[in-house]
1. Can you tell me which residues in the stretch 21-37 are more than 10 Å from GLU58 (Cα to Cα) and open to solvent by 30 Å² or more (accessible area, probe 1.4 Å)?
2. Just one of the numbered conditions (1) loosely packed, with under 13 Cβ neighbours inside 10 Å; (2) out of contact with any Phe, Trp or Tyr (no Cβ under 7 Å at 6 or more places or on another chain) is not true of VAL4; which one?
3. Answer yes if at least one residue in the stretch 39-61 is of a type in the set (D, E, K, R), assigned to a loop (DSSP other than H, G, I, E, B), at negative phi and free of Cβ contacts under 8 Å to residues at least 12 places away in the same chain, and no otherwise.
4. Run down ASP53, ASP14 and say which single residue is among the acidic types (Asp, Glu), over 11 Å from the mean Cα position of the chain (by Cα) and surrounded by 10 or more Cβ atoms within 10 Å (Cβ to Cβ).
5. From VAL63, VAL59, grab the single residue that is open to solvent by less than 80 Å² (accessible area, probe 1.4 Å) and of a type in the set (Val, Ile, Thr).
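The values are calculated or read from the model by the stated rules, or taken from the named source; none is laboratory data. Treat the numbers as computed from the prediction; the structure is a model and nothing was measured. Using ideal geometry, Cβ is built from the backbone for each residue, glycine included, and neighbour counts are taken over all protein chains shown. Side chains included, ligands, DNA and RNA excluded: accessible areas come from the protein's heavy atoms. Shrake-Rupley method; radii C 1.70, N 1.55, O 1.52, S 1.80 Å.
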Amino acid sequence: MWVVVNGSKHEVPDALTVRAVLDHLGLTQGPVAVEVNREIVRRAEHATHRLSDGDVIEVVQFVGGG
(Lines give C-alpha, C1' and ligand atoms only; values in the text may rest on other atoms or scores of the structure.)
Protein backbone atom coordinates (compact mmCIF):
# COMPACT_ATOMS: atom_id res chain seq x y z
CA MET A 1 0.00 0.00 0.00
CA TRP A 2 1.01 3.62 -0.37
CA VAL A 3 1.10 6.20 2.40
CA VAL A 4 2.35 9.77 2.51
CA VAL A 5 4.77 10.50 5.36
CA ASN A 6 5.76 14.12 5.93
CA GLY A 7 4.89 14.96 2.34
CA SER A 8 6.75 12.03 0.71
CA LYS A 9 4.99 9.01 -0.79
CA HIS A 10 6.17 5.62 0.53
CA GLU A 11 5.23 2.07 -0.41
CA VAL A 12 4.86 -0.05 2.73
CA PRO A 13 3.44 -3.52 3.47
CA ASP A 14 -0.34 -3.71 3.85
CA ALA A 15 -2.13 -3.16 7.17
CA LEU A 16 0.84 -1.86 9.14
CA THR A 17 0.34 -0.09 12.42
CA VAL A 18 1.69 3.38 13.13
CA ARG A 19 4.49 1.80 15.19
CA ALA A 20 5.40 -0.60 12.38
CA VAL A 21 5.58 2.24 9.84
CA LEU A 22 7.83 4.24 12.18
CA ASP A 23 10.09 1.18 12.50
CA HIS A 24 9.95 0.49 8.73
CA LEU A 25 11.04 4.06 7.94
CA GLY A 26 13.66 4.22 10.70
CA LEU A 27 11.88 6.93 12.68
CA THR A 28 12.54 5.33 16.06
CA GLN A 29 15.07 7.71 17.61
CA GLY A 30 13.51 9.56 20.51
CA PRO A 31 9.89 10.55 21.16
CA VAL A 32 7.62 11.45 18.26
CA ALA A 33 4.18 12.92 17.74
CA VAL A 34 2.10 11.31 15.00
CA GLU A 35 -0.91 12.58 13.09
CA VAL A 36 -2.85 10.39 10.64
CA ASN A 37 -5.24 12.17 8.28
CA ARG A 38 -5.12 15.28 10.49
CA GLU A 39 -5.99 13.35 13.66
CA ILE A 40 -3.43 12.92 16.44
CA VAL A 41 -2.68 9.29 17.31
CA ARG A 42 -1.70 8.96 20.96
CA ARG A 43 1.55 7.13 21.63
CA ALA A 44 -0.36 4.44 23.57
CA GLU A 45 -2.23 3.68 20.32
CA HIS A 46 0.79 3.54 17.97
CA ALA A 47 1.04 -0.26 18.26
CA THR A 48 -2.66 -0.85 17.51
CA HIS A 49 -3.68 1.94 15.10
CA ARG A 50 -3.76 0.30 11.65
CA LEU A 51 -3.04 2.34 8.55
CA SER A 52 -4.87 2.17 5.23
CA ASP A 53 -3.80 2.77 1.66
CA GLY A 54 -3.58 6.50 0.98
CA ASP A 55 -3.28 7.62 4.60
CA VAL A 56 -1.42 10.88 5.15
CA ILE A 57 0.92 10.73 8.13
CA GLU A 58 2.81 13.57 9.77
CA VAL A 59 5.61 12.66 12.16
CA VAL A 60 7.33 15.23 14.38
CA GLN A 61 10.48 14.23 16.20
CA PHE A 62 11.46 16.15 19.31
CA VAL A 63 15.01 17.43 19.47
CA GLY A 64 16.60 18.80 22.60
CA GLY A 65 18.96 21.70 22.65
CA GLY A 66 19.20 25.33 23.47
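1. ASP23, HIS24, LEU25, GLY26, LEU27, THR28, GLN29, GLY30, PRO31, listed by residue number.
2. It fails just one condition, (1).
3. First pass over the stretch 39-61, keeping only residues of a type in the set (D, E, K, R): 39, 42-43, 45, 50, 53, 55, 58.
Retained after the next criterion (residues that are assigned to a loop (DSSP other than H, G, I, E, B)): 42, 53, 55.
Right, trim to at negative phi and you get 42, 53, 55.
Pick out the ones that are also free of Cβ contacts under 8 Å to residues at least 12 places away in the same chain and you get 42.
Yes - at least one qualifying residue is present in the stretch 39-61.
4. Values: ASP14 fails: surrounded by 10 or more Cβ atoms within 10 Å (Cβ to Cβ).
Answer to the selection: ASP53.
5. Numbers: VAL63 fails: open to solvent by less than 80 Å² (accessible area, probe 1.4 Å).
VAL59 is the lone residue from the list that is open to solvent by less than 80 Å² (accessible area, probe 1.4 Å) and of a type in the set (Val, Ile, Thr).
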